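First the structure, in the form of structure tokens, and then the observations on it.
The values are calculated or read from the model by the stated rules, or taken from the named source; none is laboratory data. Model, not experiment: these values are computed from the prediction. Here the Cβ positions follow ideal geometry from the backbone for every residue, glycine too, while neighbour counts run over all protein chains shown. Surface areas here come from the heavy atoms of the whole protein model, side chains and all, with no ligands, DNA or RNA. Shrake-Rupley method; radii C 1.70, N 1.55, O 1.52, S 1.80 Å.
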Amino acid sequence: MADLFHIGLTVGDIGRSIRFYVDVAGLKEATPVDHASAAFDRLTDNPGSRLLSVMLSGNGFLLQLNQYLSGGGERLDLRHNNIGSPHLAFFVPDVDARYTELKQRHDVTITSPLIDNASGTLRSFYVADPDGVPVEFLQRLREVDYHARVIE
């Protein structure tokens, strides 16, 4: 079995995305790095690319944000039902308080109401990150071992 190292997202404006994931999701940022190399071009099959990249961290999770300065691609239609569309989910201790806090901000788009899931284990809502990636904030209503549900 492979160990997950990080999740990477390509973003339109790395500064705007860093502010969102630090201020709204609570991740910690590192220093952005400017990448341009023949090896990276070969690895990604994208000759002549150049990008800014930063790793954000929180509770053992790493999120890599990448902004292409050259060699960037198309903007995707980021909807839950589109194949390949990601979403990120963050546990918070009080989802009602987070919902109220984000409703008062003018720089965060809330895209769903607060919902209790059908099994009564979670309460959550979604916002959109600056590029439209769905980001969920959840509160555990009771403990569930999600790893135990995986068939090995």
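Angle of helix 14-23 to the longest C-alpha principal axis of the chain, folded into 0 to 90 degrees and rounded to 10: 20°. When the alpha carbon gyration tensor of the chain is reduced to an equivalent ellipsoid, the three semi-axes, largest first, read 30, 19, 15 Å.
Projecting the Cα positions of Gly26, Leu9, Leu65 onto the charge dipole of the chain (unit charges on Cβ atoms of Lys, Arg, Asp and Glu, taken about the Cα centre) puts Gly26 furthest along the positive direction.
Averaged over its residues, the chain has an accessible area of 65 Å² per residue, based on protein heavy atoms and a 1.4 Å probe. In whole percent, how big is the carbon plus sulfur part of the accessible area of the chain, probe 1.4 Å, protein atoms only? Solvent-exposed carbon and sulfur of the chain make up 52 percent of the total.
Here the stretch 3-152 is treated with +1 on each Lys and Arg Cβ and -1 on each Asp and Glu Cβ, and its dipole about the Cα centre works out to around 180 debye. So how tilted is helix 95-104 from the main axis of the chain? Cα-based, degrees 0 to 90, rounded to 10. It is inclined by approximately 60 degrees.
Taking label points 7 Å from Cα along the Cα-to-Cβ direction, Asp107 and Leu141 give a separation of 3.3 nm. For Ser57, the accessible surface of its heavy atoms amounts to roughly 40 Å² (probe 1.4 Å, protein chains only, rounded to the nearest 10).
Shape class for the stretch 46-92, computed from the alpha carbon gyration tensor (a ≥ b ≥ c): oblate, with a/c not under 1.5 and a/b at or below b/c. Using r as the Cβ-Cβ distance of Asp41 and Thr121, and R0 as 41 Å, what FRET efficiency do you calculate, to the nearest 0.05? It comes out at approximately 0.35. Largest to smallest in accessible area, the residues Ser17, Ser37 fall in the order Ser37, Ser17 (1.4 Å probe, all protein chains included).
Residue-wise HN-Hα couplings along the stretch 132-139, as the Karplus relation 6.51 cos²θ - 1.76 cosθ + 1.60 with θ = phi - 60° gives them from phi, are x, 5, x, 10, 9, 10, 10, 10 Hz; Gly and Pro carry x. Here the sum of -39500 (n - 2.57) over DSSP H runs of 4 or more residues, divided by the residues of the chain, equals -5000 deg cm²/dmol at 222 nm, to the nearest 500. A run of the chain free of exposed loop cleavage sites, with trypsin sites (Lys or Arg not before Pro) counted only in DSSP states other than H, G, I, E and B and at most 16 other beta carbons within 10 Å, reaches its longest extent at 1-74. The distance between label points at Ala89 and Arg19 comes to 2.9 nm (points 7 Å beyond Cα on the Cα→Cβ vector). Between amide H atoms placed 1.01 Å from N, distances below 5 Å from Val11 occur with Asn66, Gln67, Tyr68, all of them 5 or more places distant or on a separate chain.
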